[in-house]
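Values quoted throughout were computed directly from the atomic coordinates according to the rules given, and no laboratory measurement underlies them. Computed from a predicted model, the values in this text were never measured in an experiment. Every residue, glycine as well, gets a Cβ built from its backbone with ideal geometry; the counts of neighbours run over all protein chains shown.
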Amino acid sequence: MRYFVVLLLLASCAPREITRVEKIKTRTIDTTVTVPRDIIHAVRPLVFHDTIVVENERVRTEVIIDTVLKTVEVTSDVKPFQHTVKATEVIETKSKQRTRSQVFPWWAWYIAGIVSVVLLYLFLRL
């Protein structure tokens, strides 16, 4: 019985280590957002021949009004407008990794226990 206890004590020495690893992945996305057009309304009194120019950072509109010939000429230029937006997307991936750092496999400890019991037995018989 005591040989069996010694065998269990010698065979149960296996080191184990658990390591937790967390991985974080960050991805950056560049997008372009187009802003919708603006409509500009303006009212002013007319004369016989008048030119009205309305302009902002996106549109230049030129209106030529002739009340004698009763004509209206509209010229409009739309400037390209792009707004760049940077958005950052963060993806977190958590993983648990279990590592075992042992020098000998489990069965080697049992063989070492049996050999040590046999050697102890032989030593006590001498």
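Taking a spot 7 Å from the Cα of E55 along the direction of its beta carbon, which residues of segment 79-110 have an amide N less than 16 Å from it? The answer is 79-80. Here the spin labels are modelled as points 7 Å beyond Cα on the Cα-Cβ line, and at T28 and S76 they lie 3.9 nm apart.
In plain terms, the chain from S95 to L69 could stretch by 1.4 nm, reckoned as 0.36 nm per residue minus the Cα-Cα distance.
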